[in-house]
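A short worksheet on the structure shown next.
The values are calculated or read from the model by the stated rules, or taken from the named source; none is laboratory data. Worth saying up front: this structure is predicted, and the values here are computed from it rather than measured. Cβ atoms come from the backbone with ideal geometry, glycine included; neighbour counts cover every protein chain shown.
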Amino acid sequence: MEISEERVKLLLDLENIIGNECYNPKMRNYGSFGVREGDGRRYRYPITFIDSQGNKDKRRDPIAAIPPPEIAITGYYQVGINQLQIIRALNKLVDYLEQKHNLKV
């Protein structure tokens with residue numbers, strides 16, 4: 001699958017929106033001096049990329065250093081034993097919007 005660098009930037013921007021919408025209601029929050037501030041916390045879900053040698057690169061800010069297209073497309077979320085192939089899914093979503101709804105990217 002070949003995608004342009006411009007498309008990779010779009011996919012990573014979309015992934016960044018999704019990755020920043022995680023919330024764990026069971027996390028305990030403590031502020032200054034150990035004062036408890038209530039339950040729940042938002043956090044950035046990490047995305048993992050795999051290079052051509054099979055090495056994994058887990059990141060919380062993939063936009064800081066944008067990987068090349070052949071690595072970017074491998075981006076996934078590890079959810080327990082399962083993987084959500086987030087970049088491939090977003091690429092399919094953009095394809096769908098281009099074909100069915102005349103989105104111009």
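List of remarks:
- Of the strands (runs of 3 or more DSSP E) lying entirely inside segment 23-105, those containing at least 1 residues that are within 15 Å of ASP13 (Cα to Cα) and in contact with a Gly (Cβ under 6 Å, 6 or more places away or on another chain) are 47-50.
- Looking only at segment 25-52, and only at residues there that are polar (S, T, N, Q) and either touching a Phe, Trp or Tyr at 6+ places or on another chain (Cβ under 7 Å) or surrounded by fewer than 10 Cβ atoms within 10 Å (Cβ to Cβ) (or both), the one that is nearest to THR74 (Cα to Cα): THR48
- Being among the basic types (Lys, Arg), modelled with pLDDT under 95 and touching a Pro at 6+ places or on another chain (Cβ under 6 Å) holds for only one residue in ARG36, ARG60, ARG28, ARG41, and it is ARG60.
- Taking residues in segment 61-74 that are under 12 Å from ILE47 (Cβ atoms), and partners anywhere that are among the hydroxyl-bearing types (Ser, Thr, Tyr) and loosely packed, with under 13 Cβ neighbours inside 10 Å, the pairs with Cβ atoms closer than 9 Å and at least 6 places apart or on different chains are ILE71/SER52.
- Leading residue by the ranking (nearest to GLY54 (Cα to Cα)) among those in segment 72-105 that are in contact with a Ser or Thr (Cβ under 9 Å, 6 or more places away or on another chain) and buried (at least 17 other Cβ atoms within 10 Å of the Cβ): THR74
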